[in-house]
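Peer 1: Before anything else, here's the structure in question.
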Amino acid sequence: MKISGCMRILRPVNSLVAGIAAMIGYLMATGTLVSETLLLAVIVFLITSAGNVVNDYYDIEIDRINRPERPLPSGDVGKRTALALAVLLFSSGIFLTAFTNVLCLAIATFNSLLLAGYAAWLKKTPLIGNIAVSYLSGSLFLFGGALSGIAGLVQVAPIAVITFLAMLSREIFKDAEDIEGDSAAGASTLPIRIGVKKTAYTGFLCLAGAVVASLVPYLWWGPWYIAGIFPIDATLLFAGIRPINCTTPDCIKATHVTSLLKYTMFASLVVFSAAAVLL
């Protein structure tokens, strides 16, 4: 076991961004931040990291083909070590949530079970697995809003929908990239079922839906928000159009669509944060 391998399997940057998203969820719900939001970030970091570990645990055979450099297939981390690490992280995250409120505890517990279920079963289920992981991304904002109660959940719901649709598109494109490994492992993903070209159209339609949903906060944030979100929406549509005529996984990879969507979603967090504070 290598310490560097344990760090990589956590995907700490992604987990940190997830924690920040929960804090932004509270910020959008209340217009301010309190000390308890740091606890939210820690909880999300732990549970997200656990999900990353358990996902790699179940994906080891697929990753031997698609991503052999990852910690488990490369041998940097053992399977038993990864499993123990996942249990420790899940348990720690749920324990800390007991110091928040019932809504947060319910979301954290449900999401932890869903993360484990996704890795073990749902990932191989066409579209349902994609929907599950997309919900998990959108629920980061719901988790943050839940700290301020039901009213907070309602306030952040539109942002959760935007995130859900954008992430669903990214997950669909990722599956299109990974057809070779998924087929070898016996998975039956959406691209395997309907082909790369139809998958690319489906991914683009999800992005178009996210762009439409992103206009809703104009109702309370006004024209300055539109000015900020416009470059994000334009980039989302540009990223979605690039693979529209692809018929092979290599073509999808060559468009770098999943990377573009990842960084664009990170940028959207900046826009949402600025809007919540300034508008």
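Please treat every number below as a calculation from the coordinates, not as lab data. What you are looking at is a predicted structure, and each value in this text was computed from that prediction instead of being measured. When we count neighbours, we look across all protein chains shown, and the Cβ atoms used for this are built from the backbone with ideal geometry, even at glycine.
Peer 1: Take the Cβ-Cβ distance between Leu88 and Ala267 as r, set R0 to 30 Å, and report the resulting FRET efficiency rounded to the nearest 0.05.
Peer 2: E(calc), rounded to 0.05, equals 0.35.
Peer 1: Quick one: order Val17, Val53 by neighbouring beta-carbon count within 10 Å, fewest to most.
Peer 2: Result, fewest neighbours first: Val17, Val53.
Peer 1: While we're on this one: For the chain, just say rounded, prolate or oblate: build the C-alpha gyration tensor, square-root its eigenvalues into a ≥ b ≥ c, call rounded for a/c under 1.5, and beyond that prolate if a/b exceeds b/c, oblate if not.
Peer 2: Because a/c hits 1.5 or more and a/b fails to exceed b/c, the chain counts as oblate.
Peer 1: Quick one: dipole size for the chain, taken about the Cα centre, charges +1 on Lys/Arg Cβ and -1 on Asp/Glu Cβ, in debye to the nearest 20.
Peer 2: So the magnitude is around 200 debye.
Peer 1: Moving on. How long are the semi-axes of the equivalent ellipsoid of region 175-279, taking √(5λ) for every eigenvalue λ of the Cα gyration tensor, in whole Å from largest down?
Peer 2: Values for region 175-279, descending: 32, 12, 12 Å.
Peer 1: Do the sum for the chain: with -39,500 (n - 2.57) for every DSSP H run of n ≥ 4, divided by all residues, what is the mean residue ellipticity at 222 nm, to the nearest 500 deg cm²/dmol?
Peer 2: Rounded to the nearest 500, it is -26500 deg cm²/dmol.
Peer 1: What is the distance, in nm, between label points placed 7 Å from the Cα along the Cα-to-Cβ direction at Val102 and at Glu180?
Peer 2: Result: 5.2 nm between the two label points.
Peer 1: So who's got an amide H within less than 5 Å of the one on Leu127, skipping anything under 5 residues away but keeping other chains? H placed 1.01 Å off N, in plane.
Peer 2: Leu190
Peer 1: Shifting gears a bit: Which helices count as membrane-span-like in the chain under these terms: full DSSP H, at least 18 Å along the axis by C-alpha, Kyte-Doolittle mean of 1.0 or more?
Peer 2: Within the chain the helices that satisfy the rule are 12-30, 36-58, 79-97, 102-120, 128-146, 150-177, 196-213, 223-241, 257-278.
Peer 1: Enumerate lysine pairs in region 3-278 that are 8 or more residues apart or on different chains, then count those whose Cα atoms are under 24 Å apart.
Peer 2: 21
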